[in-house]
1. With the condition kept exactly as written, say whether any residue in the range 158-166 is basic (Lys, Arg), outside any strand (DSSP E or B), surrounded by fewer than 15 Cβ atoms within 10 Å (Cβ to Cβ) and within 16 Å of the ligand (Cβ to nearest atom).
2. Look at Gly196 and say whether it is within 13 Å of the chain's Cα centre (by Cα) and assigned to a loop (DSSP other than H, G, I, E, B).
3. What about Trp7, is it buried (at least 18 other Cβ atoms within 10 Å of the Cβ), within 15 Å of the ligand (Cβ to nearest atom) and modelled with pLDDT of 95 or more?
4. Under 8 Å between Cβ atoms, at least 6 apart or on separate chains: pull out the pairs that start in the range 178-189 with a residue that is closer than 13 Å to Ala44 by Cα and in the same structural domain as Asp8 (by TED's automatic domain parsing) and end on any residue that is assigned to a helix (DSSP H, G or I) and within 13 Å of the ligand (Cβ to nearest atom).
5. Go through the range 167-188 residue by residue and tally those that are more than 13 Å from the ligand (Cβ to nearest atom) and surrounded by fewer than 22 Cβ atoms within 10 Å (Cβ to Cβ).
6. Being in contact with a strand residue (DSSP E or B) (Cβ under 8 Å, 6 or more places away or on another chain) and at positive phi is the requirement here; does Gly20 meet it?
7. Quick one: which helices (runs of 4 or more DSSP H) lie wholly within the range 29-143 and hold at least 3 residues that are more than 18 Å from Ile9 (Cβ to Cβ)?
8. With respect to the numbered conditions (1) outside any helix (DSSP H, G or I); (2) more than 27 Å from Arg223 (Cβ to Cβ), which one is the sole condition not fulfilled by Gly187?
Amino acid sequence: MKKLILWDIDGTLIVSHGAGVRAMEKALIKRFGVTCDLGRIDWAGRTDSWITGEIFRHVGLPDTPQNTHDYLETYLELLPAELRDGRQGQVLPGVLQLLEQLHHRQDLAQGLLTGNLRRGAELKLTHYRVWHYFEFGAFADDSPRRNDLGPHALRRAKERHAVEFDPANTFIIGDTPHDIECGKVIGARTIGVATGRYSVAELTAHAPTAVFADFADTAAFLRVIDA
Ligand SMILES: [Mg+2]
């Protein structure tokens, strides 16, 4: 039975040091002429579509499908320039080595389970040169609720690999309690990593299968996958 590895992006694979947040803030100004300090919104681990609803509520914009579409299109237009702006964004420790090792294993498949829009995920991961590791994923386009994304990821994994993946052999990896929760709702195993805004202790409180400070010890990560 093949195992399935599903990665979160921000705070897990990469940190973009606010590129996404800056693009969201600038898109609000460009599209609606409105400013909003996104620091006021608890966006970590949320989907871009959910965050959009929160921003609209904060600034008093009508939360309509047209406004959401226009806003997110503008965000995607502005994101590449913010990524190029750089400011020490990086692929997080151990991640490149893990992606490369897992990529060559026939007993595993790896995809994305992320609150990014699909196009936003592609822009970010292409910028950091790791997009080619991911053949499928579940994204904010699928649902604004992160807890809905697990079944979408399992379905796409099945379509891509022509085998059924058992949630019990699925690992959902992320840097927030929302990642752990969305894994648990489908009966998956979960791995927390404290390279985002939550500490090891905070993630441990949500009882994932395993927690790491970071993925620098790739052998320790692989022991969890292979247990
Ligand atoms: Mg994250």
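1. Among the residues of the range 158-166, not one is basic (Lys, Arg), outside any strand (DSSP E or B), surrounded by fewer than 15 Cβ atoms within 10 Å (Cβ to Cβ) and within 16 Å of the ligand (Cβ to nearest atom), which makes the answer no.
2. yes
3. Judged against the criteria, Trp7 is a match.
4. His178/Arg146; Asp179/Arg146; Ile180/Leu203
5. So the count comes out to 7.
6. Taking the combined requirement at face value, the residue does not satisfy it.
7. Output list reads 48-59, 65-85.
8. (2)
The values are calculated or read from the model by the stated rules, or taken from the named source; none is laboratory data. Given the structure is predicted, the values throughout are model-derived calculations rather than measurements. All Cβ positions, even for glycine, are placed from backbone atoms using ideal geometry, and neighbour counts span all protein chains on display.
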